[in-house]
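The values are calculated or read from the model by the stated rules, or taken from the named source; none is laboratory data. What you see is a predicted model, and the numbers here were worked out from it, not measured in a lab. When we count neighbours, we look across all protein chains shown, and the Cβ atoms used for this are built from the backbone with ideal geometry, even at glycine. What goes into the accessible areas is simple: the full protein's heavy atoms, side chains included, and nothing from ligands, DNA or RNA. Shrake-Rupley method; radii C 1.70, N 1.55, O 1.52, S 1.80 Å.
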Amino acid sequence: MHNPATIGNNDFFWPIRVYLEDTDAGGIVFYANYLKFFERARTEFVRQAGFSMRSKLAEGLSFVVHSLEMSYKSSAFLDDELLVGVEVEVLRKTNFTVRQWLVRKSEPETVLAEGRITVACVKLENGKPNKMPDDLQNALSGNFDSRGK
């Protein structure tokens, strides 16, 4: 999916530290928590691009995961410092797809997990697809240097 050697200036990274609550009894990150890490990074990605999810909730719009594909390569452990990458792959009228990957800060060339997540814009009143707001389209299509540190 993502080759870390091709990380460019427009890739976004969000730092995560692994806490005890993220792990099983052996100190290994529980698989579902990678999804939480990816969610946080996507949220920060659009926030840093200038888009406010909260304001859209007030307007009756929400954003839900439509589909995802995950691949786990290697475990993360208690106290690891991680970086979650986000890259917009596809922009459509009612949804967008991002590629995401997770690496240890100390080993950025080794991908621990990667995924492709499609997020859809829906109306809160009925859960039906809605055209993505122009400001989100603009935020996701913009080129900006936003390396979360």
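Based on what the data block shows, is Phe13 open to solvent by less than 30 Å² (accessible area, probe 1.4 Å), assigned to a strand (DSSP E or B) and under 27 Å from Asn138 (Cα atoms)? Yes, satisfied.
Just one of the listed residues (Val98, Val90) is free of Cβ contacts under 8 Å to residues at least 60 places away in the same chain and open to solvent by less than 10 Å² (accessible area, probe 1.4 Å), and it is Val98. Looking across segment 102-115, the residues that are within 12 Å of Pro15 (Cα to Cα) and buried (at least 17 other Cβ atoms within 10 Å of the Cβ) come down to Leu102, Val103, Arg104. Could you say whether any residue in segment 66-86 is among the aliphatic types (A, V, I, L, M), within 28 Å of Asp134 (Cβ to Cβ) and open to solvent by less than 70 Å² (accessible area, probe 1.4 Å)? Scanning segment 66-86 turns up at least one residue that is among the aliphatic types (A, V, I, L, M), within 28 Å of Asp134 (Cβ to Cβ) and open to solvent by less than 70 Å² (accessible area, probe 1.4 Å).
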